[in-house]
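Worksheet: the structure to be examined is printed underneath.
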Amino acid sequence: MSHVFPPDPIPSLAVAGSDDRFPVHRIYCVGRNYAAHAREMGSDPTREAPFFFCKPADAVVPVATGATADHPYPAETANYHHEVELVVAIGKPGSNIGVADASNHVWGYAIGLDMTRRDLQTALKDKGRPWELGKAFDRSAPIGPVVPASRIGHPASGRIWLTVNGQARQRGDLADLIWSVPETIAHLSRYFELRPGDLIFTGTPEGVGPVVRGDIVAAGIDGIGELSLRIV
Ligand code: MN
């Protein structure tokens, strides 16, 4: 048996402090998971069940620490938004994972941007249509190196922030997640068998907003890392 054409390489992320790579299987994203951001998007931040959408694995763009990577402004939008998020990297398979056991399935953590064509997402949302055109496009998931949990443990608090051209845009704390990382894993794993290589974007704090060509986007999460992009 041979492939009828050469398959694309498996998308992967850098591992902090190592030459190894973290191979990406799927990308899951939590919709609204910080109260103040839910409010700014016109929702009531109650603890209704978390909801999820996906991006394709090859939407990942590995971003090296300490460099400013060029990030092309995507097609078909006039309102391109940043969303800085804690990304959970799964290392152990499981379905129906319990909250108390969930951290054992986490291989590491990274900082990521859930880049969003907000004008398309809003129009699709208003019509009750799927969000892929707004969320799952090429290069929509810039992510920094994965930091192993064996080194940093499982952070439940820490500042998460994003600036554009040095101006503060997003500021929050991981402690303000409506659904914690273990709760999110427990819920998601009722619907999907989680696999090693899965990534979970855990939601963004308030302050999302547009970027334009020429902007420098910088973001960080205490204890996990920082990344920087130039929109081109
Ligand atoms: Mn998001």
Somewhere in the stretch 147-164, is a residue under 20 Å from Ala69 (Cβ atoms), crowded, with 21+ Cβ neighbours inside 10 Å, modelled with pLDDT of 95 or more and within 16 Å of the ligand (Cβ to nearest atom)? yes
List the strands (runs of 3 or more DSSP E) inside the stretch 106-187, counting only whole elements, that have at least 3 residues being of a type in the set (D, E, K, R). 167-173
One residue is enough: does the stretch 75-95 have a residue meeting the conditions part of a helix (DSSP H, G or I), more than 20 Å from Gly17 (Cβ to Cβ) and modelled with pLDDT of 95 or more? no
Checklist (1) away from the ligand (no atom under 16 Å from the Cβ); (2) out of contact with any Phe, Trp or Tyr (no Cβ under 9 Å at 6 or more places or on another chain) applied to Glu76, failing item: (2)
Strands (runs of 3 or more DSSP E) within the stretch 2-53 that include 2 or more residues under 15 Å from the mean Cα position of the chain (by Cα): 12-14, 27-30
When you scan the stretch 199-206, do you find a residue that is of a type in the set (Val, Ile, Thr), assigned to a loop (DSSP other than H, G, I, E, B) and either more than 20 Å from Val15 (Cα to Cα) or within 15 Å of the ligand (Cβ to nearest atom) (or both), even just one? yes
Taking the options Leu86, Leu124, name whichever one is touching a Gly at 6+ places or on another chain (Cβ under 7 Å), over 23 Å from Asp8 (Cα atoms) and of a type outside the set (Ser, Thr, Tyr). Leu124
Residue among Phe52, Phe137 that alone is surrounded by 15 or more Cβ atoms within 10 Å (Cβ to Cβ), farther than 20 Å from Gln170 by Cβ and within 12 Å of the ligand (Cβ to nearest atom): Phe52
Going by what's in this entry, would Gly66 be described as in a loop (DSSP other than H, G, I, E, B), among the small types (Gly, Ala, Ser) and within 24 Å of Val217 (Cα to Cα)? yes
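The values are calculated or read from the model by the stated rules, or taken from the named source; none is laboratory data. Everything numeric here is computed off the predicted structure, so don't read it as measured data. Glycine also receives a Cβ, built like all others from the backbone with ideal geometry; neighbour counts cover every protein chain displayed.
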